[in-house]
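Data first, discussion second: the structure below is written as structure tokens.
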Amino acid sequence: MKINSARQAWHDCNYNPAPGQSSDAAELGVVVQNTERGPTANHAVHGALAGHIQSAIARLHYQLRAFGNAMYAAEPTDDDREDAEEAVFNLACSRVERMTASKRDRAAYVAKGVFRRYRYMHQGGQSSNPDPLIKPEIFRAWLEGEYGIKLPSAAWGRDWEPFVQLCFDACYDIDAKALSPIGGIIYKMKEAA
């Protein structure tokens with residue numbers, strides 16, 4: 001297990017390569033014969049490192065853990081994604097002065113859409129993908145196609161753009177809180193080495 005970033009560590013900590021296999025070989029399900037010497041202690045080192053990361057993840061609040069799993073886990077679940085979307089929605093709504101019940105119902109779908117955009121942009125922890133739905137008309141069309149939710153184009157800048165930004169801010173804040181303990185463990189490991 002290579003520890004280059006908290007995001008990568010989160011992703012890799014659930015791989016358990018068999019003795020003599022790299023995590024790539026375990027992921028692919030095949031063993032490639034090579035000329036190097038036989039089994040080493042690499043699997044034991046991987047397990048020890050992974051255990052520290054898994055322990056830090058397990059101690060997180062369930063919404064932070066769900067957000068991190070939805071973003072970085074090798075096999076995220078639908079429950080993790082739903083909990084992450086709910087966390088983004090709740091945090092964004094807590095930063096809004098007031099909202100009508102009708103707008104709040106539609107805002108839940110906007111938060112789901114923003115989470116998916118954020119996940120795509122930061123996929124694999126590289127944070128290098130462009131936002132595919134950055135234009136309001138494309139985002140509105142996606143929401144209608146995905147969830148059947150129609151948002152009016154009139155006064156988008158006043159009615160929805162600020163909430164979209166609050167959802168992105170919520171994603172950044174939750175992401176930072178989820179990754180912070182993992183980063184702390186990595187820092188301690190590198191200091192001890």
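Where a number appears in this text, it was derived from the coordinates with a stated rule and is not lab data. Because the structure is predicted, anything quoted here is derived from the model rather than measured. Reconstructed Cβ throughout: ideal geometry from the backbone, glycine too, with neighbour counts over all protein chains shown.
Residue ranges 145-153, 88-96, 62-70 sort as 62-70, 88-96, 145-153 when ordered by packing (mean number of other C-beta atoms within 10 Å per residue, highest first). Working from Cα pairs under 8 Å separated by at least six residues, relative contact order for segment 62-178 is 33 percent.
Eigenvalues of the alpha-carbon gyration tensor of segment 69-173, scaled by 5 and square-rooted, set the equivalent ellipsoid semi-axes at 22, 16, 13 angstrom, largest first. Think of segment 62-178 as a dipole: +1 on every Lys or Arg Cβ, -1 on every Asp or Glu Cβ, centred on the Cα centre; then among A108, L91, F163, F163 lies furthest on the positive end. Each Lys and Arg adds +1 at its Cβ and each Asp and Glu adds -1 at its Cβ; summed about the Cα centre, segment 62-178 shows a dipole of about 380 debye.
Each Lys or Arg adds one and each Asp or Glu subtracts one; over the other residues with Cβ under 13 Å from the Cβ of I149, this totals +3. Within segment 47-109, the proportion of C-alpha pairs whose separation exceeds 20 Å stands at 40%.
For a straight C-alpha distance cut-off of 26 angstrom, the lysines reachable from K190 (same-chain residues fewer than eight places away being disregarded) are K2, K177. Debye-formula intensities of segment 136-193, expressed as log10 I(q)/I(0) at q = 0.13, 0.17, 0.26, 0.30 Å⁻¹, are -0.54, -0.68, -1.02, -1.10 (one equal scatterer per alpha-carbon, no solvent).
What does the charge count around G183 come to, taking other residues whose C-beta lies under 13 Å from its C-beta (Lys +1, Arg +1, Asp -1, Glu -1)?
Residues near G183 contribute +2 overall.
By the gyration tensor of its Cα atoms, with a ≥ b ≥ c the square roots of the eigenvalues, what is the shape of segment 95-157: rounded for a/c under 1.5, prolate for a/b over b/c, or oblate? Note, shape of segment 95-157 comes out prolate.
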